Ligand SMILES: NC(=O)c1ccc[n+]([C@@H]2O[C@H](COP(=O)([O-])OP(=O)(O)OC[C@H]3O[C@@H](n4cnc5c(N)ncnc54)[C@H](OP(=O)(O)O)[C@@H]3O)[C@@H](O)[C@H]2O)c1
């Protein structure tokens, strides 16, 4: 239902505007915020707590709002005067509630567009609790009366920084010889910036996001070896071993359940494929594994 008002952001083209970026201290939100600020947009950066990351965002021009995405009043206040929102909620319980709260806040403020971070494994019958919740959250957000765009990326290239063991030069992962095209958060930040400022062409769409080249983890290790000039070895491990590694790192059970289930999805090809969506939307191709490795290792 559309409710015209003095502050009706939907009456205007959203080619410029006031953008609310949630998860702004995180990976995709952080890059989206910086891209938008570089382009001269007003960015309200929602962070869970004030710290050095929010200080860095403030230093480059973001308006910082400290709020919990599970706090309806705080999110409604954060969406005041906003044209478009990027919603990023981590792999954590209460994703559907956070999405419903954001939807309500956007409606109360006549926000024009929501760009929603989901994932490629989101589906009704997903075994991962988080992936199934992403699918339900998408369906909840489909009720938004403005424009909504769902992003379904494959695994981020940032997995390589998280799971590379610099001491041994090993990538220990349970992915057998299955493939995906890793996509950097930086490239997703550019896609998000383009969509929140001009959502109309993609309104109502689900966009799969892939990096430029589909590889198995042996080929990923080879690309890292060439770039770093030191051996990187892919060590395929069992799901049990992966689960033990994750618990040793201190991840909670919600996250471990998700990663074990999507590892099976990965083996079954759910994360595979590539496309030109990033280049089509942003005019620039996404980073290769080599380029990502050069920047982040
Ligand atoms: N990683 C992958 O390979 C991959 C692939 C496909 C899709 N995804 C999707 O990507 C999304 C995560 O995006 P990301 O990696 O850009 O995020 P991220 O780096 O995990 O950052 C999430 C941010 O949200 C903040 N946050 C957590 N709970 C909050 C709350 N209740 N209220 C307000 N802020 C809160 C966190 O704050 P603190 O930092 O202070 O904790 C963090 O800064 C997930 O939905 C996931 O399904 C990930």
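A quick yes/no check of all residues on (1) surrounded by 17 or more Cβ atoms within 10 Å (Cβ to Cβ); (2) in contact with a helix residue (DSSP H, G or I) (Cβ under 7 Å, 6 or more places away or on another chain); (3) more than 30 Å from residue 84 (Cβ to Cβ):
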| site | (1), (2), (3) |
| --- | --- |
| 181 | yes, no, no |
| 190 | yes, yes, no |
| 229 | no, no, yes |
| 234 | yes, yes, yes |
| 289 | yes, yes, yes |
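Are any of the residues in region 116-127 at negative phi and part of a helix (DSSP H, G or I)? No; the residues of region 116-127 include none that is at negative phi and part of a helix (DSSP H, G or I).
Listed by position, the strands (runs of 3 or more DSSP E) enclosed by region 135-213 that each have at least 2 residues that are over 30 Å from residue 249 (Cα atoms) and in contact (Cβ under 8 Å) with a residue 60 or more places away in the chain are 206-209. Screening region 30-41 for residues that are in contact with a helix residue (DSSP H, G or I) (Cβ under 8 Å, 6 or more places away or on another chain) and outside any helix (DSSP H, G or I) and picking the one that is surrounded by the fewest Cβ atoms within 10 Å (Cβ to Cβ) gives 39.
Out of region 246-260, which residues are farther than 18 Å from residue 217 by Cα and in a helix (DSSP H, G or I)? Reasoning before the result, please.
Filtering region 246-260 down to residues farther than 18 Å from residue 217 by Cα leaves 246-258.
Hits for region 246-260 are 246, 247, 248, 253, 254, 255, 256, 257, 258.
Residues that are within 8 Å of the ligand (Cβ to nearest atom), part of a loop (DSSP other than H, G, I, E, B) and either touching a strand residue (DSSP E or B) at 6+ places or on another chain (Cβ under 9 Å) or over 16 Å from residue 24 (Cα atoms) (or both) do occur in region 56-69.
Surrounded by fewer than 22 Cβ atoms within 10 Å (Cβ to Cβ) and more than 28 Å from residue 124 (Cβ to Cβ): is that true of residue 201 in this structure? Even if it seems obvious, please write down each step before you answer.
On the way: surrounded by fewer than 22 Cβ atoms within 10 Å (Cβ to Cβ): yes; more than 28 Å from residue 124 (Cβ to Cβ): no.
Spelling it out, it is not the case that residue 201 is surrounded by fewer than 22 Cβ atoms within 10 Å (Cβ to Cβ) and more than 28 Å from residue 124 (Cβ to Cβ).
May I ask you to verify whether residue 218 is out of contact with any strand residue (DSSP E or B) (no Cβ under 9 Å at 6 or more places or on another chain) and in a helix (DSSP H, G or I)?
Details: out of contact with any strand residue (DSSP E or B) (no Cβ under 9 Å at 6 or more places or on another chain): no; in a helix (DSSP H, G or I): yes.
For residue 218, the condition - out of contact with any strand residue (DSSP E or B) (no Cβ under 9 Å at 6 or more places or on another chain) and in a helix (DSSP H, G or I) - is not met.
Among the residues of region 60-68, is there at least one that is surrounded by fewer than 24 Cβ atoms within 10 Å (Cβ to Cβ), touching a residue at least 60 places away in the same chain (Cβ under 8 Å) and closer than 27 Å to residue 153 by Cβ? No, because not a single residue in region 60-68 is surrounded by fewer than 24 Cβ atoms within 10 Å (Cβ to Cβ), touching a residue at least 60 places away in the same chain (Cβ under 8 Å) and closer than 27 Å to residue 153 by Cβ. Taking each residue of region 70-86 that is within 16 Å of residue 198 (Cβ to Cβ) and touching a residue at least 40 places away in the same chain (Cβ under 8 Å) and looking for partners that are within 13 Å of the ligand (Cβ to nearest atom) and assigned to a loop (DSSP other than H, G, I, E, B) with beta-carbon atoms closer than 9 Å, six or more apart or interchain, yields 85/22; 86/22; 86/23; 86/24.
Candidates in region 204-223 are the residues that are closer than 11 Å to residue 148 by Cα and out of contact with any helix residue (DSSP H, G or I) (no Cβ under 9 Å at 6 or more places or on another chain); of these, the one that is surrounded by the fewest Cβ atoms within 10 Å (Cβ to Cβ) is 204. For the criterion of being surrounded by fewer than 24 Cβ atoms within 10 Å (Cβ to Cβ) and either within 14 Å of the ligand (Cβ to nearest atom) or within 30 Å of residue 215 (Cβ to Cβ) (or both), residue 158 passes. Residues in region 115-127 that are more than 9 Å from the ligand (Cβ to nearest atom) and surrounded by fewer than 24 Cβ atoms within 10 Å (Cβ to Cβ): 123, 124, 125, 126, 127. Residues in region 13-29 that are closer than 25 Å to residue 73 by Cβ and within 13 Å of the ligand (Cβ to nearest atom) were compared, and the one that is surrounded by the most Cβ atoms within 10 Å (Cβ to Cβ) is 21. For region 30-45, residues that are near the ligand (Cβ under 8 Å from one of its atoms) and within 16 Å of residue 106 (Cα to Cα) total 0.
Throughout, read-outs are computed from the coordinates displayed, never taken from laboratory work. What you are looking at is a predicted structure, and each value in this text was computed from that prediction instead of being measured. All Cβ positions, even for glycine, are placed from backbone atoms using ideal geometry, and neighbour counts span all protein chains on display.
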